[in-house]
């Protein structure tokens, strides 16, 4: 049978749609065809009953650390515009009346990628840095991905593409609405003596700030930016270490830095730390050292070719979410190790 997922993604800003946009247009990829349906002038913000249900949804947040601070957020207060997308999948065989395992998420991912692709082009063409696509975040605590934008999904299935009846994938209904997700407003706590100590030391640590940015970028699924931020943290941390050592103008140091037969990690986190402090990340933390090497190769690939990959013994490895998290963790270990020398 043919299965169709009709999605509406909602945004907290206007999308750059004008009167020249058609009611729908098709995008083809190796995964199949999707149909994009922009909201044009005069189109309702909440077009179908399931969308109207979404408009009444409310989020309630009750901070445990601050009693009495209940927060209520209505979904419609965060919604200004929307864009629809229909994803089609042919030759689907239901399993006990249900979609095959993984198909629902795969079709939702295709919908998100299609919308994000359109908006990425619009972002460049309008030179609008704050034009966002569908926001997703990865939560390392449970390994899950979350859609932050309010959205609805309606399912249809049958043999005639022109007349697909509702497909009840959620018990006895075919549609669901989500008010989206927001980051928990809690941001931890700092004890005051530690704050005073940090202030007395001067500007907050640049490498640690860059690593915090790297973790944030990974959570937001901007993997390339996260890897580049972590690589920059490694560079800055080493430069600060070299400055502290008083050996930055040393001829032997300069010779190792100029040796292009050595990798970034071999020069800075092995040979030079061995020369200056008698310690090597390669010897002390071999697994993290290997990952620092891989992270910097991925950084070079992202910066120069736009692809987040690295070569590992002749094998081209694509860096996905879980691998990116591991590489950034290795950079955190390296920066902390270097600070102790």
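Values for this structure:
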| read-out | value |
| --- | --- |
| Test: residue in region 32-41 that is out of contact with any strand residue (DSSP E or B) (no Cβ under 6 Å at 6 or more places or on another chain) and within 17 Å of residue 147 (Cα to Cα) | no |
| Per-region count, region 295-321, residues surrounded by fewer than 12 Cβ atoms within 10 Å (Cβ to Cβ) and over 17 Å from residue 265 (Cα atoms) | 8 |
| Single unsatisfied condition, residue 270 versus (1) touching a residue at least 24 places away in the same chain (Cβ under 8 Å); (2) within 21 Å of residue 227 (Cβ to Cβ) | (1) |
| Residue check for residue 87: touching a residue at least 40 places away in the same chain (Cβ under 8 Å), in contact with a helix residue (DSSP H, G or I) (Cβ under 7 Å, 6 or more places away or on another chain) and either in a helix (DSSP H, G or I) or surrounded by 12 or more Cβ atoms within 10 Å (Cβ to Cβ) (or both) | yes |
| Some residue of region 227-246 being out of contact with any strand residue (DSSP E or B) (no Cβ under 9 Å at 6 or more places or on another chain), within 30 Å of residue 70 (Cβ to Cβ) and touching a residue at least 24 places away in the same chain (Cβ under 8 Å) | no |
| Matching entry among 272, 295, 341 (being touching a helix residue (DSSP H, G or I) at 6+ places or on another chain (Cβ under 7 Å), over 16 Å from residue 218 (Cβ atoms) and part of a helix (DSSP H, G or I)) | 272 |
| Filtered residues of region 27-48 (kept if free of Cβ contacts under 8 Å to residues at least 40 places away in the same chain and farther than 26 Å from residue 94 by Cα) | 40, 41, 42, 43, 44, 45, 46, 47 |
| Sole exception among (1) in contact (Cβ under 8 Å) with a residue 40 or more places away in the chain; (2) surrounded by 14 or more Cβ atoms within 10 Å (Cβ to Cβ); (3) part of a helix (DSSP H, G or I) for residue 287, by number | (2) |
| Single match in 120, 114 (criterion: surrounded by 19 or more Cβ atoms within 10 Å (Cβ to Cβ), touching a residue at least 12 places away in the same chain (Cβ under 8 Å) and closer than 18 Å to residue 34 by Cα) | 114 |
| Candidates 105, 95, filtered to the one that is without any contact (Cβ under 8 Å) to a residue 40 or more places away in the chain and over 29 Å from the mean Cα position of the chain (by Cα) | 95 |
| Filter result for residue 279 (surrounded by 23 or more Cβ atoms within 10 Å (Cβ to Cβ), closer than 15 Å to residue 265 by Cα and either within 19 Å of the chain's Cα centre (by Cα) or modelled with pLDDT of 95 or more (or both)) | no |
| Region 146-157 - residue that is part of a loop (DSSP other than H, G, I, E, B) and over 13 Å from the mean Cα position of the chain (by Cα) and, of those, surrounded by the fewest Cβ atoms within 10 Å (Cβ to Cβ) | 149 |
| Candidate set from region 125-145 (those that are modelled with pLDDT under 85 and buried (at least 17 other Cβ atoms within 10 Å of the Cβ)); member that is farthest from residue 83 (Cα to Cα) | 138 |
| Index of the failed condition, residue 174 passing every other in (1) touching a residue at least 24 places away in the same chain (Cβ under 8 Å); (2) buried (at least 17 other Cβ atoms within 10 Å of the Cβ); (3) within 25 Å of residue 7 (Cα to Cα) | (1) |
| Flag for residue 166 being under 30 Å from residue 2 (Cα atoms) and out of contact with any helix residue (DSSP H, G or I) (no Cβ under 6 Å at 6 or more places or on another chain) | yes |
| Criterion: assigned to a helix (DSSP H, G or I) and touching a helix residue (DSSP H, G or I) at 6+ places or on another chain (Cβ under 7 Å) - qualifying residue of 76, 110, 123 | 76 |
| Within region 159-172, tally of residues that are outside any loop (DSSP other than H, G, I, E, B) and within 31 Å of the chain's Cα centre (by Cα) | 1 |
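The values are calculated or read from the model by the stated rules, or taken from the named source; none is laboratory data. In this text, all values refer to a predicted model and were calculated from it rather than measured experimentally. Note that we place each Cβ from the backbone using ideal geometry, even for glycine, and neighbour counts take in every protein chain shown.
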